[in-house]
Structure formats: structure tokens, C-alpha cells
Amino acid sequence: MPINEQQLLLILPNARPVAGIFLPALNRAMTRWKIDSRLRQAAFLAQVGHESGRLRSLVENLNYRADRIRQIGQASAVGSRWRSLVPRADELGGKPERFASAVYGGRMGNGPESSGDGWKFRGRGLIQLTGRANYQAAAEGLGLPLLDQPELLEHAEHAAQSAAWWWAKHGLNELADAGRFQDIGSIINTGKPGRVPNGAADRKAIYEKALKVLA
């Protein structure tokens, strides 16, 4: 069942400036990818609402200060990409394109750091699709030229469709049916179930609100 603008704004009140643009796109995407029950829609809206800053941020912000790179890197596990960038913090701080190439180069189907793929295929859309391999899979799944025009995911229609496609492709409708909300966030945020995703409390708060609104 499609949601209406009043419901969307009750769930994501800070989305008011873009609600009119996103409402039809979200409804088309949820219909196409069978996000069609109260549990599925509540879980989907909560996760994309968190990931996109209430539908207002469709491109990953990679503008980190040098001290922030050090802070995150030093807190990361030994062997992590973030930790390996600590010695380069002054070089990469305040330079989002160079930082993206460093942190994402050679990963997720991207070419090496020098290829620029890390920046070209940085997180976009409502679930922050990231990496050449994911863009290629979405391009095939949605019939869009995303490898040549990755910025298409910055448009409401494609941002919503890519998120719903990724959701369905990863079996998240079934997890929503089973009430495994934290596992959904874990898969989106860490790639695996069973972990506590970043922003877990915010995700859960939106979910609980959505369940009430969509009742």
C-alpha cells in the first residue's frame, strides 16, 4: 500500500523540504521491489531515513580533517584501511577526492588508488551504494548507465530505486518479515548480520515511529 505525505513526514519530519519529491519515488520503488507490508515499509523507511540523513544527503561526505582521520584510524582494528591511512592524514585531510581514492582504491571492484574509482564510485543514493562492483550490479538490475553516469543516483527516482533494489537483492524483505531489524542495519552498515550498526539507536527510533504511523 502506498504511503502518503503526512505519514512520511510523521516518520521523517526533517525530510519536509524534499518530501514532495521523494514520496512518489519511494512509493514506486517500494511497489516494484515488493516492500509492501507494514513491517517491510517501516524497516525500509527507517534504514534509508538514517542512511540518507532524512532523505537530504544522497552523496557520501568524505571531507575529513586530518585529526579526524587519525582519531578514527587509531580506533580501528589493526589491518583496517582506515588504520593504514593514519600516516597519510595530513596529505588526505580536507581533500575528499584524494581521501576517497585512498580509502576505496583497490576495493569493491574499484581500480587502484590512481584510477580515481574511489571518488567516482563513492557512496550515493538512499543506501549509499559504494564501489564499482555495486554500481555495475545496480546498473544491470535497474537498466541504468551507472558506470558512465554514477551521478544518476543523486536523483530522487534512481536513489529510491537503487535502495529498494539493493534491499530486495540482499533478502531484507524476509528479514523485515521476521522482525530482524538490527540484522538489517548490520547488513547495510557492515555487510554481515549479527553486529551492531553505526547509528543503531537512531535506526531503531525511526523504525518504532514508522510502525506506529503505518499501523
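Laboratory data are not the source of any read-out in this text; all were calculated from the coordinates shown. Since this is a predicted model, take the numbers as computed values, not measurements. All Cβ positions, even for glycine, are placed from backbone atoms using ideal geometry, and neighbour counts span all protein chains on display.
Approximating the spin labels as points 7 Å out from Cα along Cα→Cβ, the D36-to-E140 distance works out to 2.6 nm.
Could you tell me the calculated FRET efficiency between A178 and D90, based on Cβ-Cβ distance and R0 = 35 angstrom, to the nearest 0.05? It comes to 0.15. When each full DSSP H helix of the chain is screened for a Cα extent of at least 18 Å along its own axis and an average Kyte-Doolittle hydropathy of at least -1.0, the helices passing are 19-32, 38-51, 156-169, 200-213. Excluding same-chain neighbours fewer than eight residues apart, the aspartates and glutamates reachable from K169 by a Cα-Cα span under 17 Å are D36, E140, D177, D183.
The charge dipole of the chain, taken about the Cα centre with unit charges on the Cβ atoms of Lys, Arg (+1) and Asp, Glu (-1), comes to about 480 debye, rounded to the nearest 20. Helical content alone sets the calculated 222 nm signal of the chain at -16000 deg cm²/dmol, taking -39,500 (n - 2.57) per DSSP H segment of four or more residues and averaging over every residue. A straight Cα-to-Cα reach below 16 Å connects K95 with the lysines K120, residues fewer than 8 places away in its own chain not being considered.
Close amide H contacts of L129 (hydrogens built in the peptide plane, cut-off under 5 Å, sequence separation of 5 or more or a different chain): R124. Which entry in (1) 17.1, 57; (2) 16.5, 49; (3) 17.4, 52 matches Rg and Dmax of the Cα atoms in Å derived from the coordinates of this structure? Structure-derived value, by its label: (3).
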